[in-house]
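All remarks here apply to the structure that follows.
Rule-based calculations on the coordinates, nothing more; no lab input. The structure presented is a predicted model; accordingly, all values stated were derived computationally and were not measured. Backbone-built Cβ (ideal geometry, glycine too); neighbour counts: all protein chains shown.
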């Protein structure tokens, strides 16, 4: 096996970029206004939903279509379904992220 050779950089290849720039680009493609909003949902989840809910419900994905959460038991799926509208409102209130259009719930096994 031959050792990896360094990649040559052309005029249009600026080389490595800070991760923040890449995350901002990906976040905008998802319909968000930047990675800070995306990170805010995940890093402030317990403040958004409260500690009791955060023990059983975790954010999984956020894009322009939905906030997807995982729950650890079917009973929590039912509870979160009933709280979905207020939970989505709280995401926006607590983070400034545009309100996701819907909440999708997945049960983790």
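If we count other beta carbons within 10 Å of each Cβ, what is the order of 87, 67, fewest first?
Exposure proxy ranking, most exposed first: 87, 67.
Binning every alpha carbon pair distance of region 58-109 at 10 Å from zero, what are the percents per bin?
P(r) for region 58-109, in whole percents per bin: 27, 57, 16, 0.
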